[in-house]
Amino acid sequence: MRFTPNQHGYYQLRWQGDVMIVNYSETWNEITVRKLHQEARQSWEARGLRSWGFLSDASEWTGATPQAIEEWWLFFEDGVQHGMRAFTGILSNELQALLLNRLTEKARALVPYQQSENIDQALNWLNQQGILDRPFEES
């Protein structure tokens, strides 16, 4: 008999203008990250070559397996290859910041990064990077 692992943890992916917002909840395994990566990649490819920003909201996230962290990095690198130009993350505590410090430093080497305290601050920072959180309207 072969053991097939189930998804642990949840996410919600949505776009707000040129900002991809992912809300994470509970504790993640690599299955969850692979599902996120697959869904995100489909949306990146549908957008074509347009630049975009990534808002990662981990305020309800409780951790991840080491394999999930490795898979998340592959997801992030692929996002950069598909037009990600800036990244901001919302963390709920210092333990999360310590757990993700290595990933944050690696991400910062690829795109501008800022840790944000809330959604409004995150969207404002992305707007300052030239990533609009609403569709462009000609006047």
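For the range 20-65, the set of residues classified as without any contact (Cβ under 8 Å) to a residue 24 or more places away in the chain and on the phi > 0 side of the Ramachandran plot consists of Gly48 only. Of the residues making up the range 80-115, those that are of a type in the set (A, V, I, L, M, F, W, C) and touching a strand residue (DSSP E or B) at 6+ places or on another chain (Cβ under 6 Å) are Met84, Ala86, Phe87, Ile90, Leu91, Ala107, Val111.
State yes or no: is Thr32 within 25 Å of Gly9 (Cα to Cα), over 15 Å from the mean Cα position of the chain (by Cα) and not aliphatic (A, V, I, L, M)? Give the derivation first.
Details: within 25 Å of Gly9 (Cα to Cα): yes; over 15 Å from the mean Cα position of the chain (by Cα): no; not aliphatic (A, V, I, L, M): yes.
Criteria not met by Thr32.
Scanning the range 1-27 for residues that are assigned to a loop (DSSP other than H, G, I, E, B) and in contact with a Ser or Thr (Cβ under 9 Å, 6 or more places away or on another chain) turns up Gln7, His8, Gly9, Asp18. Between Glu77, Glu94, Glu71, the distinction of being within 24 Å of Glu45 (Cβ to Cβ) and loosely packed, with under 15 Cβ neighbours inside 10 Å belongs to Glu77 only.
Selection of the range 87-139 for residues being modelled with pLDDT of 90 or more, over 14 Å from Ser51 (Cβ atoms) and small (Gly, Ala, Ser) yields Gly89, Ala107, Ala109, Ser116, Ala122. For Leu49, the test of being among the aliphatic types (A, V, I, L, M) and surrounded by fewer than 15 Cβ atoms within 10 Å (Cβ to Cβ) is passed.
The values are calculated or read from the model by the stated rules, or taken from the named source; none is laboratory data. Being a predicted model, the structure only gives us computed values, none of them experimental. Here the Cβ is made from the backbone with ideal geometry for all residues, glycine too, and neighbour counts use every protein chain on show.
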